[in-house]
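Novice: If you scroll down you'll find the structure; I have some questions about it.
Any read-out appearing in this document is the output of simple, stated calculations on the displayed coordinates, not a laboratory observation. None of these values were measured; they are calculated from a predicted model. All Cβ positions, even for glycine, are placed from backbone atoms using ideal geometry, and neighbour counts span all protein chains on display.
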Amino acid sequence: MAEPFGSEAMTEPYERGRCTERNAYQGRYVVVPSQTRWLSLLSVIERILEQREALRLFFIDFTTNPAHRARADVRNRAVFILEKLSNPFYKLYFFFLEWSLPLFNKFNLEFQSEKVVVHNLHEKIRTLYQEIVLHHLQREYVMRQNLGEINPESQQHQLHDAALYLGVKVYELLKHPDVIRKPADLHSSSHAAKISTKLPPPKSKSI
């Protein structure tokens, strides 16, 4: 499905055509997540990353071209969106989501299976939880503990930011000058990634 920007801003075929034709993305739409489709968020993230530069150019044109006489609230939304599209830390976060969501999508697919899978769920939950905590906790600590006894909030066993691996695209973007020159924002992004992977342990003591 496609979600136009505002009710008046991107409804003209001419305006959509200018943006998509300029970037060789004719016929490509920005999709929005569906509350009834569990796995739709990854497709949204992938499409926004694919269309990011085209969207950025559109909003630059929309916010600077006097021909666009949009209402003030619509223009303010356009400025806000452009700021986020131009912010490398938002791109970093989207890369993180693109890398991490498949972990959960793979597990969610189990619940859409036409086969009986209940007998495999316990082991799959164990595997998923272990994989998640290994991304922000020291391997030695995780592997020597019963999974139910692992404390995901343990500061003593946290990986340092430099040791976090959040995918190749995140790793490459972390070396970009626009990211390096803002260490405070980089620290906040690393902290957010750690929080995103901190799930409470399963309550079963036999895990």
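Novice: Determine the gain in length on full extension of the stretch ALA70-GLU114; use 0.36 nm per residue of separation and subtract their C-alpha separation, reporting nm with one decimal. Walk me through the intermediate numbers first.
Specialist: Working: separation 44, 0.36 × 44 = 15.84 nm, distance 4.98 nm.
Contour length minus Cα-Cα distance gives 10.9 nm.
Novice: On a 22 Å Cα-Cα criterion, which of the cross-link pairs LYS124/LYS169; LYS91/LYS182; LYS91/LYS124; LYS84/LYS106 come out too long? Please list the in-between numbers first.
Specialist: On the way: LYS124/LYS169 27 Å; LYS91/LYS182 14 Å; LYS91/LYS124 31 Å; LYS84/LYS106 29 Å.
In this structure, LYS124/LYS169; LYS91/LYS124; LYS84/LYS106 lie more than 22 Å apart at Cα.
Novice: Something else about it: Quick one: if you stick a label point 7 Å off each Cα along the C-beta vector at THR127 and GLU172, how many nm between them?
Specialist: 2.9 nm
Novice: Something else: Arrange TYR141, TYR129, TYR171 by Cβ neighbour counts within 10 Å, fewest through most, would you? Walk me through the intermediate numbers first.
Specialist: Values: TYR141 16, TYR129 21, TYR171 13.
Listed from fewest to most nearby Cβ atoms, that is TYR171, TYR141, TYR129.
Novice: Then there is this: Quick one: length gained pulling ASN105 to LEU134 fully straight, 0.36 nm per residue minus the C-alpha distance? Walk me through the intermediate numbers first.
Specialist: Details: separation 29, 0.36 × 29 = 10.44 nm, distance 1.82 nm.
This chain segment gains 8.6 nm when fully extended.
Novice: Further question: Nearest 0.05, what FRET efficiency do VAL32 and GLU83 give at R0 = 22 Å with Cβ-Cβ as r? Write out the running numbers ahead of the final one.
Specialist: Details: r = 20 Å, r/R0 = 0.91.
For VAL32 and GLU83, the calculated efficiency is 0.65.
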